[in-house]
Each structure stands twice: as C-alpha cells, then as structure tokens.
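This report concerns only the one structure given below.
Where a number appears in this text, it was derived from the coordinates with a stated rule and is not lab data. For clarity, every value in this text was computed on a predicted model and none was experimentally measured. All Cβ positions, even for glycine, are placed from backbone atoms using ideal geometry, and neighbour counts span all protein chains on display.
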Amino acid sequence: MQDNGNGRDALIEAACRLLRDTPPEKITQVAIARTAQVHPSLVGYYFADVSDLLIMATEKLCQDYQRRVGDALSSTNGNSREQIRSRIDILLKMGDDFPYFHRLVTAVVNQELPGSEPLFRQVVGSGISAYDQLVDAGCRAGELRAVSGRWLMVAIVAICDAFGSQQPVINLGKESGFDRENERHAFADFILDLVMNGIGTPISGSAEGLETDFESDRSELTKENATLRRAVVQITLEKQLLQDRLRALE
C-alpha cells in the first residue's frame, strides 16, 4: 500500500478510529497502517513507536472534547447548571463514541505511556483552570458554593467514566428494551442533581438547617402578630362601644 498523501494526520485519525473498539494496549503498528491504508513502515517514519502515536491520538481526542464543550457552551445562557450539564453530556457521549477514551486519558494522567508528561500537564492543567473559572463565576453569580474546581473536575470525570466501566451493573435487569441514549441522558440528570443538590437533607444545626428554622420561626411569628393585631382591634372596638353606652346613660 502507498502513502497516498495521507501522512501523519491520517495515522492519528486511524488510531482514533481504532479506539472505538480496540483497547489501547492492543493497537499495533500493523493495525494502524491497515486502518489508514498505508504501509506499516510509514508509522515508524512519523512516530517513534505506537505509544508516541497514541499520545498524539489522545491529544486529538482531547481537542475534540474541548471543541464540543466550546460549541455547547456557546448555545447556553452561561449559568453554572447548564455549563456543568454540558460537560457531563459531552464526557458521557465521548465515552460512547470512543469507549477507550477514558482509559487512554488515564494512561496519560498516570504517565503509563513514555513521553506523555507534557500532554498530561496540558490536559489536566487546562481542565483544572476551566473548572476553577466555572466555580469562581458560579460563586459570583450566587449559583455555587466555594468548592475546589480541581475536586469537582475529578469527581465529574470519575463518575462519567463509571457509565462505561460499570456497564454490567447499569445494564443488569434491563437486557430487554435497553436504550443506551435514554439511559445516558438519565444518568446525566442524576449526576447533575448529585452535583448541584447533593443527596442529603440539611443536618440539624447546619447553616442550611438554621436558615430553614429561622424562616419557619419568622413565619410563625408573623401569624402570631396578625392574631394579636386582630385582638387589639377587637378590644378597641368593644371599648369604644362601651364608652358610647355609658355616655348614653348619663
């Protein structure tokens, strides 16, 4: 087979296509060349080894993720809830489109691929920065509490990864009539609710609980004040009526 002008980018694209159904550790130079329809020697010409090519494929997929996020955020009103939902939706969709995407990113994060540290710093650094900005903007708008953007990113990515890695659990009992897309949207709803609202009720004595108690007490006091005002008015009217009767007897 000839190069046909495909070159480096074609090989990266071929690796990305393979990642749709092939674990990273099973991708070979021959498989990449076959998918790109080029001679296997071309892989060695452009890349030091398969790991080098997989790092470039990871970078391309991460760029695809960032592009999807940018497109999604441009169509929202910018509030924290919609921004977080967009990131969740895209992470889950990326996991469906490229089932080994999360595993590959994890390999980069753990620096299991030789020479992946620069990409690790770039991907993780930009991710932390984006989530820090999201939290800061949410705090200023009164939509979020002051939490760690870093931990928020780690939590969301880990939960989204579980949708793929825990498929046997998610599918259990749903073998007949399982709708992957509907299940993905339902899972996204759950993650968003978990992030934005939590799953616990306010703890007695907590700030939330005290605020609720205060509002309840204030409501009760308002009702009592209204009752007292009505009683005062009634007493005043009865007093006036009694005085009028006394004057009539004089």
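Rank these for me by crowding, K93, K26, going from fewest to most other beta carbons within 10 Å.
On the way: K93 16, K26 9.
Sorted ascending by nearby Cβ count, the order is K26, K93.
Sorted from largest to smallest, which semi-axis lengths in Å does the alpha carbon gyration tensor of the range 89-145 give for its equivalent ellipsoid, taking the root of 5 times each eigenvalue?
Numbers: eigenvalues 148, 55, 8 Å².
Here the semi-axes work out to 27, 17, 6 Å.
How would you rank Y45, Y100, going from fewest to most other Cβ atoms within 10 Å of each one's own Cβ?
With the fewest neighbours first, Y45, Y100 line up as Y45, Y100.
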Where Rh is the Kirkwood radius over the Cα pairs of the range 1-125, the temperature 10 °C and the viscosity 1.306 mPa s, what D in µm²/s does Stokes-Einstein return? 103
Put in order of increasing Cβ neighbours within 10 Å, starting from the fewest, V157, V135, V124 give V124, V157, V135
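Report the Stokes-Einstein translational diffusion coefficient (µm² s⁻¹, integer) for the range 54-197, Rh taken as the Kirkwood radius over Cα pairs, at 37 °C with viscosity 0.692 mPa s. Please list the in-between numbers first.
Details: Rh = 16.1 Å.
Reported coefficient: 204 µm²/s.
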